[in-house]
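Asker: Would you mind keeping the following structure in view while I ask a few things?
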Amino acid sequence: AKTSGGSQYRLFSKELNASIKRMVDMEASLRKALDENEFYVLYQPQTDIESGVMIGAEALVRWNSKDYGVVSPADFIPLAEQTGLILKLGQWVMQEACQEAKRWERAGRASMTVSVNVSAKQFMQPDFVDMVKGILKETGLDARKLCIEITESVVIDKLKFTLKMLDELVALGVEISIDDFGTGYSSLSLLRQLPISVIKIDQSFIAEMVDVHSVRSVVAAMITMTHHLGKTVVAEGIESDQQMTWLREMGCDKGQGYFIDKPLSADLMQTRMRKTS
Ligand code: C2E
Ligand code: CA
Ligand code: CA
Ligand code: CA
């Protein structure tokens, strides 16, 4: 038993070493990726559930690495956060997204908004608001066309600081959305105190609605409560007609998901806009 324990340990440490090595290697590639133009941004349409009209899109970053192929953001965003690279990357994504939204405006879609994911580390930078201001000025995008998505954990960690930041952003005209709502620890009563105008129900709830009856009631309650707080609700991860119908009946405002559209390249997004209302 003793010897097999020993070999198990060696096996484990070998695997651990391999995974650490992969992280370290990947970090080196990630550091070069911006200069090498290996990142690009996709845009996933969001529609008004009632009318079906496209009203905006979420910017989702992609990394096509020379060394690793296409890497999922679920893998490289955490690495970018740990290494601080998220600051440069996040700024680049916001620049791209605002520039693209300005093109939508020029294409006659003046009411389209663009939602940009902002990580905790980025949001906690004292000059974050200045950075956003700079990008809006540079791209000429109306602040009201930009929506910043933050997660619940960002809000809870440093409530006082967050409140100050949110107030400054809202003063600019930028919209704030709470992403992945329902997966963290924030309560609706906390959200009531924050200048947040949009709540995005996490896609796990939308997925579970299909099989679990009680989850449908939870989603309906979330929508009702959010409306009572005077905020807008977005459902993400809508994959079927049935989910869409339920959400419409529940009065959910906006929707996003494969049933409506996949994340699209900037070019496809332009084509999609010309085809639809
Ligand atoms: P998220 O912000 O919750 O984004 C939604 C994710 O769900 C996206 O995954 C999207 O492609 C996927 N999705 C959309 N519709 C459906 C659907 O109908 N079904 C299913 N199963 N999934 C759907 P993606 O693009 O892989 O991004 C994963 C996460 O990476 C994002 O989750 C976000 O947390 C993070 N991320 C992506 N881009 C950025 C970025 O520019 N900055 C930061 N900080 N994080 C980002
Ligand atoms: Ca998001
Ligand atoms: Ca989400
Ligand atoms: Ca998520």
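Asker: Looking at the stretch 153-162, can you tell me whether even one residue there is within 16 Å of ligand 4 (Cβ to nearest atom), at pLDDT 90 or above and more than 21 Å from Thr113 (Cα to Cα)?
Answerer: no
Asker: Please go through the stretch 63-75 and give me each residue that is at pLDDT 95 or above and closer than 18 Å to Gln122 by Cα, ordered by number.
Answerer: Passing the criteria: only Pro73.
Asker: Output the number of residues of the stretch 166-182 satisfying the condition of being over 9 Å from Glu149 (Cα atoms) and within 13 Å of the chain's Cα centre (by Cα).
Answerer: Residues in the stretch 166-182 being over 9 Å from Glu149 (Cα atoms) and within 13 Å of the chain's Cα centre (by Cα): 2 in total.
Asker: Can you tell me which residue within the stretch 54-80, out of those that are of a type in the set (Val, Ile, Thr) and more than 30 Å from Arg274 (Cβ to Cβ), is least open to solvent (accessible area, probe 1.4 Å)? Break it down stepwise before answering.
Answerer: At the first step, the residues of the stretch 54-80 found to be of a type in the set (Val, Ile, Thr) are 55, 61, 70-71, 77.
So of that shortlist, the ones also more than 30 Å from Arg274 (Cβ to Cβ) come out as 71, 77.
Values: Val71: 10, Ile77: 45 Å².
Result: Val71.
Asker: While we're here: Only one of (1) touching a helix residue (DSSP H, G or I) at 6+ places or on another chain (Cβ under 8 Å); (2) more than 19 Å from Ala171 (Cβ to Cβ); (3) within 16 Å of ligand 3 (Cβ to nearest atom); (4) open to solvent by less than 40 Å² (accessible area, probe 1.4 Å) is not met by Leu89, so which one is it?
Answerer: Among (1) touching a helix residue (DSSP H, G or I) at 6+ places or on another chain (Cβ under 8 Å); (2) more than 19 Å from Ala171 (Cβ to Cβ); (3) within 16 Å of ligand 3 (Cβ to nearest atom); (4) open to solvent by less than 40 Å² (accessible area, probe 1.4 Å), Leu89 violates only (3).
Asker: Report yes if Ser51 is more than 9 Å from ligand 1 (Cβ to nearest atom), under 30 Å from Gly251 (Cα atoms), surrounded by fewer than 20 Cβ atoms within 10 Å (Cβ to Cβ) and of a type in the set (S, T, N, Q), otherwise no. Working first, answer last.
Answerer: Details: more than 9 Å from ligand 1 (Cβ to nearest atom): yes; under 30 Å from Gly251 (Cα atoms): yes; surrounded by fewer than 20 Cβ atoms within 10 Å (Cβ to Cβ): yes; of a type in the set (S, T, N, Q): yes.
Answer is yes for this residue.
Asker: Provide a single number: the residues in the stretch 176-207 that are open to solvent by 50 Å² or more (accessible area, probe 1.4 Å), in a helix (DSSP H, G or I) and more than 12 Å from ligand 1 (Cβ to nearest atom).
Answerer: The total comes to 3.
Asker: Same structure, new question: What is the one condition in (1) within 16 Å of ligand 2 (Cβ to nearest atom); (2) touching a helix residue (DSSP H, G or I) at 6+ places or on another chain (Cβ under 8 Å); (3) of a type in the set (Asp, Glu) that Glu208 does not satisfy?
Answerer: (1)
Asker: Among residues belonging to the stretch 99-126 that are within 15 Å of ligand 1 (Cβ to nearest atom) and of a type in the set (D, E, K, R), point out the one that is modelled with the lowest pLDDT.
Answerer: The qualifying residue modelled with the lowest pLDDT is Lys121.
Asker: Here's a follow-up. Given the conditions (1) touching a residue at least 12 places away in the same chain (Cβ under 8 Å); (2) part of a helix (DSSP H, G or I); (3) open to solvent by 20 Å² or more (accessible area, probe 1.4 Å); (4) away from ligand 4 (no atom under 16 Å from the Cβ), and given that Ala97 satisfies all but one, which numbered condition is not satisfied?
Answerer: In the conditions (1) touching a residue at least 12 places away in the same chain (Cβ under 8 Å); (2) part of a helix (DSSP H, G or I); (3) open to solvent by 20 Å² or more (accessible area, probe 1.4 Å); (4) away from ligand 4 (no atom under 16 Å from the Cβ), Ala97 misses (3) alone.
The values are calculated or read from the model by the stated rules, or taken from the named source; none is laboratory data. For clarity, every value in this text was computed on a predicted model and none was experimentally measured. Note that we place each Cβ from the backbone using ideal geometry, even for glycine, and neighbour counts take in every protein chain shown. Heads up: the accessible areas ignore ligands, DNA and RNA and are worked out on the full protein's heavy atoms, side chains in. Shrake-Rupley method; radii C 1.70, N 1.55, O 1.52, S 1.80 Å.
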